[in-house]
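Chemist: One structure follows; several queries about it will come next.
The values are calculated or read from the model by the stated rules, or taken from the named source; none is laboratory data. All of these numbers come straight from a predicted model, not from anything done at the bench. Here Cβ is always computed from backbone atoms with ideal geometry, including for glycine, and neighbour counts include all displayed protein chains. Note: areas computed on protein heavy atoms with side chains; ligands, DNA, RNA excluded. Shrake-Rupley method; radii C 1.70, N 1.55, O 1.52, S 1.80 Å.
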Amino acid sequence: MSTTPTEVCLERMLPYQIQARMQHMPIVYVPLGAIEYHGLHLPIGLDGFTAHALCEHAARQVGGMVMPTNYYGMTGSIGHHPWTILVDDESEFEAILWTTLRRLQDFGVKLSVLFTGHFGRRQLASLEALEERWNQENQEMRVLFLAINRCPAAKLQGDHGAIFETSLLAQLHPSLVQLDRLPSVKDQPANDPNGDSWGPHRRDQSNVLFGILGDDPRLYDPAEAKDLLDTLQTWVHARVSDAYQNLER
Ligand SMILES: [Zn+2]
């Protein structure tokens, strides 16, 4: 008996494997990330790692295959930060996704899940519009859009490089979270005017938590992090299963 886990990452799969997986369940996940500065303690590709990991988990538990991560996300208020490469034009962003969806539909995929780990306002608005337009114009394949910050049961609010994102990546890729790259809380506590951890001071390069929007990541709790990941995984499975069952109605 083989103990090799089933391959679900499309770019690694051969046609016979893809065919078998399609017969099992014709679902494809499209993980969406960004290249952006997340503070000194996190990698610039964080959003893509979290999105891909949740998609891969769902593909194994529910069914389907995962596209390679699209790292080109829509820009926002931090577009000028170091090592941040974001798209300025919705039509550029949407064109790549539309082509991807059209080809997946040609191959007989019945459900595509656009899952974003990057959740700036313009990213979310663009994906909502794309989901709506696709589902109006196409019948053979449906699109389900999910965003990592929209799970109603999550106890932590989505943020940028702060407790939410740090917690998730620490669960998924612990070696990519290096909190000791930030000064210690004792030496340099957060200086948030009126306790506001989202203010413009965090966009000031001299701030101890420059480029981080949300509560001080140095205070993250591993137990809460585990709970957050479990909650998100359960939610994604349920949303994908529901959407797949709805296809058959
Ligand atoms: Zn992020």
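Chemist: Do the conditions hold for residue 144, that is, is it open to solvent by less than 10 Å² (accessible area, probe 1.4 Å), more than 16 Å from the ligand (Cβ to nearest atom) and within 25 Å of residue 228 (Cα to Cα)?
Modeler: Working: open to solvent by less than 10 Å² (accessible area, probe 1.4 Å): no; more than 16 Å from the ligand (Cβ to nearest atom): yes; within 25 Å of residue 228 (Cα to Cα): yes.
The answer is no for residue 144.
Chemist: Hey, could you check the stretch 64-76 for residues that are within 18 Å of residue 236 (Cβ to Cβ) and of a type outside the set (A, V, I, L, M, F, W, C) and say which is farthest from the ligand (Cβ to nearest atom)?
Modeler: If we take residues in the stretch 64-76 being within 18 Å of residue 236 (Cβ to Cβ) and of a type outside the set (A, V, I, L, M, F, W, C), then 64 is farthest from the ligand (Cβ to nearest atom).
Chemist: Being out of contact with any helix residue (DSSP H, G or I) (no Cβ under 9 Å at 6 or more places or on another chain) and of a type in the set (S, T, N, Q) is the filter; apply it to the stretch 8-63 and report the residue that is nearest to the ligand (Cβ to nearest atom).
Modeler: That would be 17.
Chemist: Does the stretch 143-158 contain any residue that is modelled with pLDDT of 95 or more and over 20 Å from the mean Cα position of the chain (by Cα)?
Modeler: No.
Chemist: Would you check if there is a residue in the stretch 165-176 being surrounded by fewer than 18 Cβ atoms within 10 Å (Cβ to Cβ) and assigned to a loop (DSSP other than H, G, I, E, B)?
Modeler: Applying the first criterion (surrounded by fewer than 18 Cβ atoms within 10 Å (Cβ to Cβ)) to the stretch 165-176 yields 173-176.
When the remaining residues are screened for being assigned to a loop (DSSP other than H, G, I, E, B), the result is 173.
Yes, the conditions are met somewhere in the stretch 165-176.
Chemist: Can you name the residue in the stretch 192-225 that is part of a loop (DSSP other than H, G, I, E, B) and loosely packed, with under 10 Cβ neighbours inside 10 Å and, of all such residues, is farthest from the chain's Cα centre (by Cα)? I'd like the intermediate steps shown before the answer.
Modeler: First, pick out the residues of the stretch 192-225 that are part of a loop (DSSP other than H, G, I, E, B): 192, 196-199, 204-212, 214-216, 220-221.
Then drop every residue that is not loosely packed, with under 10 Cβ neighbours inside 10 Å, which leaves 205-206.
Numbers: 205: 26, 206: 29 Å.
Within the stretch 192-225, the match that is farthest from the chain's Cα centre (by Cα) is 206.
Chemist: Can you pull out every residue in the stretch 124-142 that is at pLDDT below 95 and either over 18 Å from residue 30 (Cβ atoms) or part of a helix (DSSP H, G or I) (or both)?
Modeler: As a first pass, look at the stretch 124-142 and keep what is at pLDDT below 95: 138-139.
Answer for the stretch 124-142, where residues must be at pLDDT below 95 and either over 18 Å from residue 30 (Cβ atoms) or part of a helix (DSSP H, G or I) (or both): just 139.
Chemist: Ok, one more. Just one of 54, 14 is at pLDDT 95 or above and crowded, with 19+ Cβ neighbours inside 10 Å; which is it?
Modeler: Details: 14 fails: crowded, with 19+ Cβ neighbours inside 10 Å.
Of the residues listed, the single one that is at pLDDT 95 or above and crowded, with 19+ Cβ neighbours inside 10 Å is 54.
Chemist: What about residue 79, is it within 16 Å of the ligand (Cβ to nearest atom), in a loop (DSSP other than H, G, I, E, B) and either aromatic (Phe, Trp, Tyr) or crowded, with 21+ Cβ neighbours inside 10 Å (or both)?
Modeler: It is false that residue 79 is within 16 Å of the ligand (Cβ to nearest atom), in a loop (DSSP other than H, G, I, E, B) and either aromatic (Phe, Trp, Tyr) or crowded, with 21+ Cβ neighbours inside 10 Å (or both).
Chemist: Determine which single condition residue 31 fails, assuming it passes every other condition in (1) part of a helix (DSSP H, G or I); (2) open to solvent by less than 30 Å² (accessible area, probe 1.4 Å); (3) in contact with a Gly (Cβ under 9 Å, 6 or more places away or on another chain).
Modeler: Here residue 31 clears every test but (1).
Chemist: Taking the stretch 111-130 as the region of interest, how many residues are more than 16 Å from the ligand (Cβ to nearest atom) and surrounded by 19 or more Cβ atoms within 10 Å (Cβ to Cβ)? Quick ask: steps written out before the conclusion?
Modeler: To start, the set of residues in the stretch 111-130 that are more than 16 Å from the ligand (Cβ to nearest atom) comprises 111-114, 125-126, 128-130.
If we keep only those that are surrounded by 19 or more Cβ atoms within 10 Å (Cβ to Cβ) too, we end up with 111-114, 126, 130.
The number of residues fulfilling the criteria is 6.
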